[in-house]
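The values are calculated or read from the model by the stated rules, or taken from the named source; none is laboratory data. Because the structure is a prediction, the values reported are computed rather than measured. Reconstructed Cβ throughout: ideal geometry from the backbone, glycine too, with neighbour counts over all protein chains shown.
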Amino acid sequence: MYGILTILSSMTPEQLLVQQFGQRGHEVEALRGLAGDVTATRLREAQLTPAAFDTVIDGLADKNPRVRWWCVQVLDHVPDPRAIEAIAGLLDDPVPRVRRNAAHALGCVACKPEWSGALPPQVTEKLIGLAVQDPNMKVRGEAAYALACRV
């Protein structure tokens, strides 16, 4: 028990919130704590603090796929090029649900109204590969839709 308390006491408030994404029933509380609200409309207007942004980026590498999925969900509404680059790495995630959410985030201009929609060529190529050959039908569909949004 002491070890867990030591780890928790050394975490920032943002890190604790990101870890809540991995606990069923705590996602809304974590989202509200990090971004200020939970609705898509409000998230489009939300500004993450630098600490929250960095922690959510770090959460993309969490071992728990629920944490990774929710971190993509948060970053989907952030028009920061660093978010786009970080999300692109999850197009190779072993969990189809995470890959699908990453593809959505890389194609959804509606979620990021101030975003130009620009993607690095290697990300576009990866989306093409997913649209054509991902083993999961939902991932293929979301990748195809993300590419269609670019035209």
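Here are some notes:
- Positions within the stretch 113-151 being of a type in the set (Lys, Arg), within 18 Å of Glu85 (Cβ to Cβ) and either touching a Pro at 6+ places or on another chain (Cβ under 9 Å) or surrounded by fewer than 16 Cβ atoms within 10 Å (Cβ to Cβ) (or both), in sequence order: Arg150
- For Pro81, the stated conditions hold: it is out of contact with any Gly (no Cβ under 8 Å at 6 or more places or on another chain), farther than 28 Å from Arg24 by Cβ, modelled with pLDDT under 95 and not small (Gly, Ala, Ser).
- Count of residues meeting criterion [surrounded by fewer than 16 Cβ atoms within 10 Å (Cβ to Cβ) and among the hydrophobic types (A, V, I, L, M, F, W, C)] in the stretch 58-94: 1
- Residue satisfying condition, being at pLDDT 70 or above, more than 30 Å from Gly129 (Cα to Cα) and not small (Gly, Ala, Ser), within set Thr12, Thr39, Thr6: Thr12
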